[in-house]
1. How many residues are facing chain A (nearest Cβ under 10 Å) and open to solvent by 10 Å² or more (accessible area, probe 1.4 Å) when one looks only at the range B:76-89?
2. Collect the residues in the range A:8-37 that are within 14 Å of chain B (Cβ to nearest Cβ), part of a loop (DSSP other than H, G, I, E, B), surrounded by fewer than 19 Cβ atoms within 10 Å (Cβ to Cβ) and over 11 Å from the mean Cα position of the chain (by Cα), keeping them in residue-number order.
3. Go through (1) of a type in the set (G, A, S); (2) open to solvent by less than 30 Å² (accessible area, probe 1.4 Å); (3) at negative phi for A:S42 and report which single condition fails.
4. Could you pull out the residue among B:A149, B:A139 that is within 17 Å of the chain's Cα centre (by Cα), open to solvent by less than 40 Å² (accessible area, probe 1.4 Å) and under 30 Å from B:R61 (Cβ atoms)?
5. Consider the range A:8-43. How many of its residues are within 21 Å of B:V81 (Cβ to Cβ) and of a type outside the set (V, I, T)?
6. Just one of the numbered conditions (1) under 10 Å from the mean Cα position of the chain (by Cα); (2) more than 30 Å from B:R211 (Cα to Cα) is not true of A:L60; which one?
7. If I ask for residues that are more than 10 Å from every other protein chain (Cβ to nearest Cβ) and buried (at least 22 other Cβ atoms within 10 Å of the Cβ), which ones from the range B:12-26 would you list?
8. Run B:G185 past the list (1) among the small types (G, A, S); (2) out of contact with any Pro (no Cβ under 8 Å at 6 or more places or on another chain); (3) not in a helix (DSSP H, G or I) and report the number of the one that doesn't hold.
Amino acid sequence: MNVIINGSAHELPSGATVAQAVLKLTEAGSGIAVALNDEVVSRGAWDSTTLSEADRVEVLTAVQGG
Amino acid sequence: MDDDLIIGGEKFSSRLIMGTGGAPSLEVLDQALVASGTELTTVAMRRLDPASRGSVLDVLRARGIKVLPNTAGCFTAGEAVLTARLAREALETNWVKLEVISDERTLLPDPIETFDAAERLVADGFVVLPYIGDDPALARRLEQAGCAAVMPLGAPIGSGLGIRNPHNIELIVEAAGVPVILDAGIGTASDAALAMELGCDAVLLATAVTRAQRPDLMAEAMRAAVRAGRAARLAGRIPRRRYAEASSPTHP
């Protein structure tokens, strides 16, 4: 299935989790947060939250600013 | 002199809050942060870039500086609330510098969206520090809504125009029961000193340091200016007079 991770289309196996989507970008364990279709998915729920076709996943981190 | 800044129950001995935007490299940023003596520093939240090397978070952690995520780039309360929640998740802090702008050209804060977001974030347990115009009425309303501080601008972000309306800043200070942090518009050290002389509890600045020709030296200047302005405020300045008042005896 296709999901949108940080604005780009990625192919993931059906039933893939948020944790698998994050691994497409980084293996960093800390300093990042995930929104699935504009709702925060807490780190503890990454493994248990499954994705659906065309879901939008945003993986954010802190950058210089302000 | 023991003169701590207290925000949301937390103590800071430095009254200079730094931003991290605009520094040409993490090394330059690191040197500037150290020279500034800051204990609280803002970061922005953006999409993770797998290609980027090194993180501003590593710099802050190594220096023991508390991180203050902002919601820069948000135009609506909804975006700001989501960004704050993501920052809380990523950075394990419930502090947020709430910033909801109205347009790209001025980057001026949108008071309606900012107030809406502040109410929602306070209800969600955040320590909210809202960036606002120099509006005494809005500052009072945000304090009543439960914000931990208010952050009026001196001038638009990155403009370096200093404090355009010192009178309004004084009015905000007079009425405030929470810390007033002058945010945005600082161009050079005298602007930071003036903010403190007007009674602000702290100054937040980034561009004035990070885009100075020598960021570390400007950071040092800002540190000294904030301390000098604070001391002058506490010392109590003399009244302004129209005519001279002799400081030497006038009779032989």
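The values are calculated or read from the model by the stated rules, or taken from the named source; none is laboratory data. Since the model is a prediction, treat every value here as computed from it, not as a measurement. Note: ideal-geometry Cβ built from the backbone for every residue, glycine included; neighbour counts use all protein chains shown. Please note that ligands, DNA and RNA were not included when accessible areas were found on the heavy atoms of the full protein model with its side chains. Shrake-Rupley method; radii C 1.70, N 1.55, O 1.52, S 1.80 Å.
1. Adding up the residues that qualify gives 7.
2. A:E27, A:A28, A:G29, A:S30
3. Answer for A:S42: the failing condition is (2).
4. Values: B:A139 fails: under 30 Å from B:R61 (Cβ atoms).
After applying the criteria, what remains is B:A149.
5. We begin by selecting, within the range A:8-43, every residue within 21 Å of B:V81 (Cβ to Cβ); these are A:18, A:31-43.
After this cut, where a residue has to be of a type outside the set (V, I, T) as well, the list is A:31, A:33, A:35-39, A:42-43.
So the count comes out to 9.
6. That leaves (2) as the condition not met.
7. Matches in the range B:12-26: B:R15, B:L16.
8. Of (1) among the small types (G, A, S); (2) out of contact with any Pro (no Cβ under 8 Å at 6 or more places or on another chain); (3) not in a helix (DSSP H, G or I), only one is false for B:G185: (2).
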